[in-house]
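Right, one structure below, let's go through it.
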Amino acid sequence: MRHCIYPGTFDPITYGHLDVLSRAAKLFNRVTVAIAVSGGKGPLFSAEERLEMVRPNVANLPNVTVVTFSGLLVEFCMAQQADAIIRGLRALSDFEFEFNMALMNRHLEPELETLFVMPNEQFSYTSSSLVKQVAKFGGDVKHFVPPNVAAALAAAYAPKPA
Ligand code: COA
């Protein structure tokens, strides 16, 4: 029974993340999407909102569950009895950050492996912050995020009544 954790801030989840997730779901018996509560990035959406945005988009993947976590990722993984962490590598520019994070996690927990998958190249330039920027200024984000996420972004950036 192989179980992997797909961690991230997911602020918000994009089709690129979902592409990584669908690949992970084929490779592992069980995948847990682990949403970092703070992620150190001052997220636009609360952890609960991010969780609710992910859930309907994984309903077609019966071996995938979604949770939030705080604290050290490796501790969460060990508590979940996970075999591996999975991360997406979109381009060479992701490599250094991911390499350092994987080695730090290995230092903290030598038994836990980090595996990388490459999302479809059509998502190589998709990122949550670029999507937020486009949405903030009224651009169309439907190619990058599922409809429920696009709606949440539109609501988050809707002009506030005076
Ligand atoms: N498709 C689209 N975008 C992707 C992507 C993909 N396949 N893979 C990564 N990204 C983008 C995200 O959109 C995001 O973009 P942004 O920076 O513009 O917002 C960025 O790459 C990374 O975000 P995400 O995938 O959500 O993960 P993250 O790098 O924010 O996650 C944690 C980092 C949560 C895994 C890490 O901080 C952590 O483990 N925290 C817990 C504390 C801990 O243990 N720290 C020590 C770690 S060594």
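Helix 92-108 and the longest principal axis of the C-alpha atoms of the chain enclose an angle of approximately 50°.
For segment 85-145, the share of accessible area belonging to carbon and sulfur comes to 59 percent (1.4 Å probe, ligands and nucleic acids excluded). For segment 5-47, relative contact order (Cα pairs under 8 Å, six or more residues apart, normalised by length) works out to 56 percent.
What the phi angles of segment 73-85 give under the Karplus curve with 6.51, -1.76 and 1.60, with θ = phi - 60°, is a coupling list of 4, 5, 5, 4, 4, 5, 4, 8, 6, 7, 8, 7, 9 Hz, glycine and proline written as x. Segment 85-162 and segment 9-65 have Cα centres lying 10 Å from one another.
Amide H to amide H, which residues 5 or more places from Thr9 or on other chains are under 5 Å from it, using H placed in the peptide plane? HN-HN under 5 Å from Thr9: Ala36. Across segment 26-34, computed HN-Hα scalar couplings (Karplus, 6.51 cos²θ - 1.76 cosθ + 1.60, θ = phi - 60°) run 7, 8, 10, 5, 9, 10, 10, 7, 10 Hz from first to last residue, x flagging Gly and Pro. Rounded, prolate or oblate: which one fits segment 89-159, using the alpha carbon gyration tensor with axes a ≥ b ≥ c (rounded when a/c is under 1.5, else prolate when a/b beats b/c, else oblate)? Since a/c reaches 1.5 and a/b is larger than b/c, the shape of segment 89-159 is classed as prolate.
Based on DSSP H segments of at least four residues, each scored -39500 (n - 2.57), the chain has a per-residue ellipticity at 222 nm of -12000 deg cm²/dmol.
Sort segment 3-124 into rounded, prolate or oblate with this rule: let a ≥ b ≥ c be the square roots of the eigenvalues of the Cα gyration tensor; rounded if a/c is under 1.5, and if a/c is not under 1.5, prolate when a/b is larger than b/c, oblate otherwise. Rounded, because the longest to shortest axis ratio a/c is under 1.5.
What number, in percent, do you get for the relative contact order of segment 3-124 if the mean sequence gap of Cα pairs under 8 Å and at least 6 apart is divided by its residue count? Working shown, then result.
Numbers: 183 pairs, mean separation 38.6, N = 122.
Relative CO of segment 3-124 lands at 32 percent.
The slack between Glu49 and Tyr157, meaning 0.36 nm per residue of separation minus the straight C-alpha distance, is 37.4 nm.
Under a 1.4 Å probe, what is the accessible area of the chain per residue, stated in Å²?
With the other protein chains kept in place, the chain gives 57 Å² per residue.
The values are calculated or read from the model by the stated rules, or taken from the named source; none is laboratory data. If you're wondering where the values come from, they're calculated on a predicted model, not measured in any experiment. Heads up: the accessible areas ignore ligands, DNA and RNA and are worked out on the full protein's heavy atoms, side chains in. Shrake-Rupley method; radii C 1.70, N 1.55, O 1.52, S 1.80 Å.
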